[in-house]
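For reference, the structure is listed below as structure tokens.
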Amino acid sequence: MKKLKRSSLYDNIHFLAFGVILFIITLKLWWFVFILIAYLIFIYQKTELFYLLLSLLFLFGISYLRYLPKEMPYQFEGVVVDTNDYSVEVLTKEGRIQVFGKHQLELGDYGKFNTSDYHFSNSGFNYEAYLENKGIKASRELETVVVMDNYFVFGMIQAKLKELVVNSHPLIGNYLVTLLLGDNFLEDELNNDLSILGISHLLAISGLHITILVNLFVKLLDKLFYFERPKEIIVTIFLLIYIVITNFSTSVVRAALMVILKYYFKSKKDLFTKLDILSMITIGVLLVNPKTFFLIGFELSYLISFIMITFIPMLKKSNVIINSLKISFVAFMVSLPIVINFNFQLNLLTLIA
């Protein structure tokens with residue numbers, strides 16, 4: 001334990017991240033406060049990061065207050081920042097509102113909305129809680145809307161690319177959009193089959209896809225540049241653009257920032273570990289919206305990354321097939337409670353699939 005007794009952030013940032021996570025859970029489950037207090041006592045005794053952690057928790061408390069439910073107006077003005085067949089997400093000066101109902105609205109439309117209460121149907125999935133964790137302040141039923149203007153929003157980039165890909169590749173366009181742009185464009189039946197098998201994450205953009213794209217990009221840049229620095233700058237720019245293209249997908253933000261920060265801390269690789277970098281990203285993402293922690297995409301993405309970084313290296317003592325089975329089993333067991341909680345089912349074929 002002597003190793004813990006130091007004020008340096010190097011190789012200690014995960015203690016801050018874990019404290020932040022406990023604090024966020026405590027805000028939703030009050031009895032978790034006893035675990036948080038015990039953890040704070042541990043930090044106070046074993047490290048010198050106690051006051052820094054307290055400062056972080058204060059900031060997270062303020063950030064969390066911004067996302068508490070509050071009474072929202074029924075008549076408001078706003079711009080459409082996301083859309084699908086049955087609803088639109090409207091950014092207003094009071095916050096984001098999900099508006100349900102038939103519409104002919106497009107991304108960027110700015111208008112005056114007249115709405116009423118929206119009542120969610122009873123189903124296994126708590127869609128209202130899902131929207132709340134995304135930062136949606138209220139859900140409304142569309143009555144009337146008057147469009148007054150159209151502005152640029154980031155979602156337009158993804159929408160234009162999706163249209164281009166689907167039109168250029170009619171047969172496989174839906175798969176390309178799902179794999180490259182982070183927008184699920186697959187048939188409902190296929191989505192259901194993938195969900196039952198427990199392998200939906202293989203088609204959702206994740207660290208796997210970012211790694212493949214970055215490696216291909218680096219191979220190409222190796223033929224153009226001799227020095228590493230220009231390649232790292234170009235890859236960083238590419239990843240920042242890719243984050244925007246995928247409309248700030250949770251898993252893409254994590255995977256892309258892991259690569260970018262690895263480049264940035266390259267000269268300090270003996271000080272900032274992969275776990276440090278993951279912890280920095282976790283703290284940063286949750287500071288923007290602490291309720292993101294309760295989204296299954298966040299939980300699976302960050303938890304599996306944590307497991308891969310901390311435990312998987314200890315398993316690599318066999319051949320490739322045995323290693324793959326070991327890694328799959330560990331990832332499966334760790335994600336099992338989360339998957340069962342959201343899907344209410346377990347498929348034993350998931351490991352093989």
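The values are calculated or read from the model by the stated rules, or taken from the named source; none is laboratory data. The structure presented is a predicted model; accordingly, all values stated were derived computationally and were not measured. Glycine gets a Cβ as well: all are built from the backbone with ideal geometry, and neighbour counts include every protein chain shown. Quick note on the areas: whole protein, heavy atoms, side chains included, nothing else; ligands and nucleic acids left out. Shrake-Rupley method; radii C 1.70, N 1.55, O 1.52, S 1.80 Å.
Go through the residues of region 30-52 one by one and say whether even a single one is under 23 Å from the mean Cα position of the chain (by Cα) and not charged (D, E, K, R). No. Residues in region 68-94 that are surrounded by fewer than 18 Cβ atoms within 10 Å (Cβ to Cβ), over 20 Å from Ala159 (Cα atoms) and out of contact with any helix residue (DSSP H, G or I) (no Cβ under 9 Å at 6 or more places or on another chain): 11 in all. Among the residues making up region 133-146, a single one is open to solvent by 80 Å² or more (accessible area, probe 1.4 Å) and of a type in the set (A, V, I, L, M): Val146. Checking Tyr175, Tyr130 one by one, the residue that is open to solvent by 60 Å² or more (accessible area, probe 1.4 Å) and either assigned to a strand (DSSP E or B) or touching a residue at least 40 places away in the same chain (Cβ under 8 Å) (or both) is Tyr130 and no other.
The rows are residues; the columns are (1) part of a loop (DSSP other than H, G, I, E, B); (2) loosely packed, with under 12 Cβ neighbours inside 10 Å; (3) touching a Cys at 6+ places or on another chain (Cβ under 9 Å).
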site	(1), (2), (3)
Met148	no, yes, no
Gln158	no, no, no
Val165	no, no, no
Phe185	yes, no, no
Leu194	no, no, no
Thr211	no, no, no
Val218	no, no, no
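Within region 276-321, take every residue that is under 29 Å from Tyr64 (Cα atoms) and among the charged types (D, E, K, R) and give me the one that is surrounded by the fewest Cβ atoms within 10 Å (Cβ to Cβ). If we take residues in region 276-321 being under 29 Å from Tyr64 (Cα atoms) and among the charged types (D, E, K, R), then Glu299 is surrounded by the fewest Cβ atoms within 10 Å (Cβ to Cβ). Counting only helices (runs of 4 or more DSSP H) that sit wholly inside region 271-353, those with at least 2 residues that are modelled with pLDDT under 80 are 320-343.
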